[in-house]
Each structure stands twice: as C-alpha cells, then as structure tokens.
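Beneath this line is the structure, given in structure tokens, with notes to follow.
The values are calculated or read from the model by the stated rules, or taken from the named source; none is laboratory data. Fair warning: this is a prediction, and the values are worked out from it, not measured in the lab. Methodologically, a virtual Cβ is constructed for each residue, glycine included, from the backbone with ideal geometry; neighbour enumeration extends over all protein chains shown. These area figures cover heavy atoms from the full protein model, side chains too; ligands, DNA and RNA do not enter into them. Shrake-Rupley method; radii C 1.70, N 1.55, O 1.52, S 1.80 Å.
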Amino acid sequence: MDIINIKNWGWEHLKDAHPIVIAGPCSAETKEQVLQTATAVANAGAHILRAGIWKPRTRPNSFEGLGEEALPWLIMAGKLTGLPVCAEVANAAHVELALKAGVDILWIGARTSVNPFAVQDIADALKGIDIPIMVKNPVNPDLELWIGAIERIYQAGIKKLAAVHRGFSVYNSDKYRNKPEWEIPIELRRRVPGLEVICDPSHIAGKRDLIYEVSQEAMDLNFDGLMIEAHIDPTCAWSDAQQQLNPVELNETLMKLVYRKEYSSDPIFNSQLETLRKQIDGIDLQILKLLAQRMEVVRNIGEYKKDNNISILQMERWAEMYKMRTGKADDLGVSKEFIEHIINAIHQESIQQQKQIMEEHLIKVTEKRS
Ligand code: PEP
Ligand code: MN
C-alpha cells in the first residue's frame, strides 16, 4: 500500500511531532467543555484534538453523543488552538455531516470496523475525498477484519491512513477494560508496512491510573502516537468518566513517558547487540532442533499406539505433563502463561503428527478392503 504518513497529512507541526498526541474528551458535551478542554490539552502537548460526536454505547439509555449540534464546537476548538480536529464516524451520514462541518480527520470506531457493510458504506461515502482516516481495531481480536477495514478505505482512494489500537473486548476482563493483545498490532505493522499505528491507552486501560503504564508499553513497542481521552473535569464526564485524564494529568503523563529510539547510531552498542543477537539465533536453532527431535519420538510413539490400537490422547498423561511443565515456571524465571502457550503448541503439533500416522494407516486399511 502506498500510505501517506501522518507527518505528511498537511499540518506543519505534525512534521516532527513524535509521538503524535491526539487528545480531547470522550464526548463533546457542551460548547464550554469542548473549548476549555481543547485549550488546556493543546497547552498540555496535544497535536490533534479529538471529541466524540456520535457515541456508540454498549447499552441503551447511556449518553449517545449530541450529534450534529456539537460539530461546530469542535470546529471552533480547532480554530481556537490552531490544531486539526478529529471525530468518529459510524455511517455515511456521519461522514457527510462531518465533512460539511469541516472536521479535518475522521476515525472509524471499534464497533464499526467490526462490520464490513458499515465500513464499505463509509468507504463509498469517502470516494474522491482527500481526508485522513484512522481505523480502530475491531472489538474482537481479528487481524484480518482490521486489515480488511483498512483495505476498504484504501480502495476508496484514501492514502492518508493510520490505525488505532484500542484493545480487544473480553468477557470478564480483569486488569484492563480491553485486552491489549500487543502481538496483533505488531503483526499488523509487519503485514502492512508503512502503516502507522497509534495506541489508545484510554480504551485499553478503562481506568485513569493505568493510562501511564499502557502508554509507556506502547512507546516501548514503537507505536507512532497516542490517543488519550482528556476532559476538563473527568469525574463529571457524560461518558467514560473513569478513564479520562484532566489536562494536568495528561501533561504529567506525557512528561513522565520515556521515549526510546528504535535504532542506535552508536557502533559499540550495535556491535554488542549483534553479538548478543547471534547468541539468540544459536539458541533458537537449538530449540528448533530439539523440537524436531521431540517430534521424531512422538511419531515413534504414534506408530506404537497405532499397532496396539491405542488412542492418541491419554488424558491422565497429558494432565500430569501439563502440571509438571507449568510447575517449573518459577524456577525457570518465566511466567506460567508462557509455559502454557509453549506446551499447548507442542502438544497440538504432537497430536497432529500422530493423527497423520493413524490416518495413513486408515487409508491403507480401506485400500486393502476395496
Ligand atoms: C472513543 O474513542 O470514544 C470510542 C468510542 O472508542 P472505541 O471505538 O475504541 O470504543
Ligand atoms: Mn470513550
């Protein structure tokens, strides 16, 4: 894809802004709230202003945004601060109204990117228009759906494109409101080179106190920017009151973050890194060879089971193996979840290998019979 980076979206101050900071209230509530918040977040370091005009809410009877009425306030906020403004659109009518009002940047929310019909309607409404679009991940952890939404917008002729990672909805989430599943945006960047990804720590965290740590993690993973909900008086916000920062907190968060570079130009550092990485390459190769050896034993066992008419899985053995391997986590200095992932993956492949042996046997038996 021939994507135009945020620094070339047409605003001078975005040229060397890193990370890009998008901030503003979850929802536009009153003219005063929008204007006061905008001025304060601009002073706190925001490069782009946000405000929700139409709010997709989980349950009815929550505040669903003021709609069209609030659009002029957002435009005023942009003029007052000199910053570009962005808002969420969920259908073609929203696109039309936002464009007519003069909104600079649009984003597609998580509850919309999940629906290819809705995304296509938005894409059709955008044909022939030159406006930057940000696509949030769908609520469910489905990378293909996220890429599909980005492709639909790109195919409408939009080249000023970015993605926003806002975490994934889970039943009974523990720490975070939406699980980050960092490997998904990382894989998105591998699959769509040149696409910049902004992290929305507010909707991941769901709580003010966790915004900083999620933002720092995003910075350590080289995300290109942050979209942070900020409100002049967060506890009184009409939506997402627990997760919005006041402008002082926003500024403190941005100041406290450690910004690291992806690469170094120091030759000593680079050569030391290379030495260590060679060690990693060697170890990974050993791990893979060991896994191949393990699979050979697994296949021998498979033949043996087949000859003796024994099923692939013995539940007791598997439960015992699982317990023994995961029980080593502390001693090995790794998490139990990590061992669970690895052992489950190894077990799945082992079952697959033995299944193949059983199937080959089955094919021979049926050939003989016919
Ligand atoms: C929002 O940004 O206010 C919003 C509704 O986000 P999401 O689509 O990520 O839930
Ligand atoms: Mn919100």
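Any residue at all in region 163-173 that is more than 16 Å from ligand 2 (Cβ to nearest atom), modelled with pLDDT of 95 or more and β-branched (Val, Ile, Thr)?
no
Taking the stated definitions as given, is residue 280 over 26 Å from residue 181 (Cβ atoms) and either open to solvent by 80 Å² or more (accessible area, probe 1.4 Å) or touching a Ser or Thr at 6+ places or on another chain (Cβ under 9 Å) (or both)?
So residue 280 fails the test.
Name every residue in region 303-350 that is assigned to a loop (DSSP other than H, G, I, E, B) and either surrounded by 10 or more Cβ atoms within 10 Å (Cβ to Cβ) or aliphatic (A, V, I, L, M) (or both), in order of residue number.
Selection gives 310, 312, 313, 314, 327, 328, 334, 335.
Residue pairs, Cβ under 9 Å, 6 or more apart or interchain, first in region 77-105 and assigned by TED's automatic domain parsing to the domain that holds residue 50 and open to solvent by 20 Å² or more (accessible area, probe 1.4 Å), second of a type in the set (Lys, Arg) and modelled with pLDDT of 95 or more. List them.
Final answer for the pair search is 90/111.
Could you tell me how many of the residues in region 47-65 are out of contact with any helix residue (DSSP H, G or I) (no Cβ under 7 Å at 6 or more places or on another chain) and either basic (Lys, Arg) or crowded, with 20+ Cβ neighbours inside 10 Å (or both)?
7
Suppose we filter region 105-120 for residues that are out of contact with any helix residue (DSSP H, G or I) (no Cβ under 7 Å at 6 or more places or on another chain), part of a strand (DSSP E or B) and among the aliphatic types (A, V, I, L, M); how many remain?
Count: 1.
Output the residues belonging to region 298-323 that are under 14 Å from residue 344 (Cα atoms) and either touching a Pro at 6+ places or on another chain (Cβ under 9 Å) or aromatic (Phe, Trp, Tyr) (or both).
318, 322
Anything in region 51-66 that is β-branched (Val, Ile, Thr) and closer than 13 Å to residue 88 by Cβ? List them, or say none.
If the condition is that a residue be β-branched (Val, Ile, Thr) and closer than 13 Å to residue 88 by Cβ, then 53 is the only one that fits.
Touching a Pro at 6+ places or on another chain (Cβ under 7 Å), away from ligand 1 (no atom under 16 Å from the Cβ) and in a helix (DSSP H, G or I) - does that describe any residue in region 80-96?
No, there is no match, as no residue in region 80-96 is touching a Pro at 6+ places or on another chain (Cβ under 7 Å), away from ligand 1 (no atom under 16 Å from the Cβ) and in a helix (DSSP H, G or I).
Which residues, counting only those in region 106-134, are under 29 Å from residue 36 (Cβ atoms) and more than 13 Å from ligand 1 (Cβ to nearest atom)?
131, 132, 133
Of the residues that sit in region 125-140 and are over 24 Å from residue 85 (Cβ atoms) and buried (at least 17 other Cβ atoms within 10 Å of the Cβ), which one is nearest to ligand 2 (Cβ to nearest atom)?
139
Mind counting the residues in region 202-248 that are open to solvent by less than 10 Å² (accessible area, probe 1.4 Å) and within 11 Å of ligand 1 (Cβ to nearest atom)?
8
Taking the conditions exactly as written (free of Cβ contacts under 8 Å to residues at least 24 places away in the same chain, on the phi > 0 side of the Ramachandran plot and assigned by TED's automatic domain parsing to the domain that holds residue 114), does residue 222 satisfy them or not?
no
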